[in-house]
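Only one structure is covered here, and it is reproduced in the block below.
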Ligand SMILES: NC(=O)c1ccc[n+]([C@@H]2O[C@H](COP(=O)([O-])OP(=O)(O)OC[C@H]3O[C@@H](n4cnc5c(N)ncnc54)[C@H](OP(=O)(O)O)[C@@H]3O)[C@@H](O)[C@H]2O)c1
């Protein structure tokens, strides 16, 4: 068995990334070593995958092998980071020109912190989002100083099957996260509220939900394909003294636009605080 990828933490996001890597044959299952926190989690993590690969818990002596591998995906909760640091057994090997790669998806843990916790590694921060579950995500990437061109290529190949990838300066990652990682929650809330409105106005629930999804998808497609500014589309729909302008007037009076702007700014501020 020649291991080459270590996945430290096999929660939802790591499962999605690893599943796509195995499906795309980017890594063979016998090249992967997964590590979870507790023995009881091994079975649950394994159930997600159609192929078998090695999964051990953090107390298993085999888990130390993860630190010898050239590529690691770090996907634990930020509060578990100090425990991971304690387990890290690798040290800088002067025989290798290139340091092994550590890809962290931990929200709010900055590159300088990663680099000081794992000095024997070249570190990269990745911010994926939940639509990656259906290969429709976006991922923001910020490179640490020591990541080589080949390693950058590898990371891009890891995230492209599940998401559109954006390379960004690290100071933009908080805003990226506030929009893209938290965004599905804002849009789910808006979607639910629109469907509730349709139910209140007389549609059955199933139809209200289906029509809400179709309207959101169609609107996004229209904006993209016709390259419209959102304001142009709004003006196309709102006819004089009609239904839409009456509804828009209410939304403006209630401060919906401002609430959404503030929501993104607050999430970005919180992300900065957490780091
Ligand atoms: N979910 C998202 O949408 C999303 C999006 C972007 C970024 N992220 C980031 O992804 C990271 C993981 O999030 P998640 O939602 O996937 O979390 P999660 O479901 O709680 O998964 C955490 C994983 O880490 C394992 N773990 C705990 N202690 C460990 C240790 N000492 N050694 C090895 N593994 C250990 C856990 O195993 P046990 O279950 O046995 O404890 C579990 O498999 C977070 O830092 C988050 O910021 C998540």
Task: Selection from region 1-32 of residues that are surrounded by 14 or more Cβ atoms within 10 Å (Cβ to Cβ) and in a loop (DSSP other than H, G, I, E, B) - done: 3, 9, 10, 11, 26, 27, 28
- [ ] Considering only region 57-73, state which residues are near the ligand (Cβ under 9 Å from one of its atoms) and either part of a strand (DSSP E or B) or under 24 Å from residue 24 (Cβ atoms) (or both).
- [x] 57, 66
Task: Matching strands (runs of 3 or more DSSP E) fully within region 95-178 where at least 3 residues are under 15 Å from residue 81 (Cβ atoms), modelled with pLDDT of 95 or more and within 16 Å of the ligand (Cβ to nearest atom) - done: 101-104
Open item on the list: Looking at 35, 76 in this structure, which one is assigned to a loop (DSSP other than H, G, I, E, B), in contact with a helix residue (DSSP H, G or I) (Cβ under 9 Å, 6 or more places away or on another chain), within 8 Å of the ligand (Cβ to nearest atom) and modelled with pLDDT of 95 or more?
Closed with: 76
Open item on the list: Against the definition (within 13 Å of the ligand (Cβ to nearest atom), touching a helix residue (DSSP H, G or I) at 6+ places or on another chain (Cβ under 9 Å), outside any helix (DSSP H, G or I) and in contact (Cβ under 8 Å) with a residue 40 or more places away in the chain), how does residue 84 come out, yes or no?
Closed with: no
Open item on the list: Let me spell it out: the conditions are (1) over 18 Å from residue 125 (Cα atoms); (2) surrounded by fewer than 15 Cβ atoms within 10 Å (Cβ to Cβ); (3) within 9 Å of the ligand (Cβ to nearest atom), and residue 51 meets all of them except one. Which number is the exception?
Closed with: (3)
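The values are calculated or read from the model by the stated rules, or taken from the named source; none is laboratory data. What you are looking at is a predicted structure, and each value in this text was computed from that prediction instead of being measured. Cβ sites come from the backbone with ideal geometry, for glycine too, and all protein chains shown count toward neighbours.
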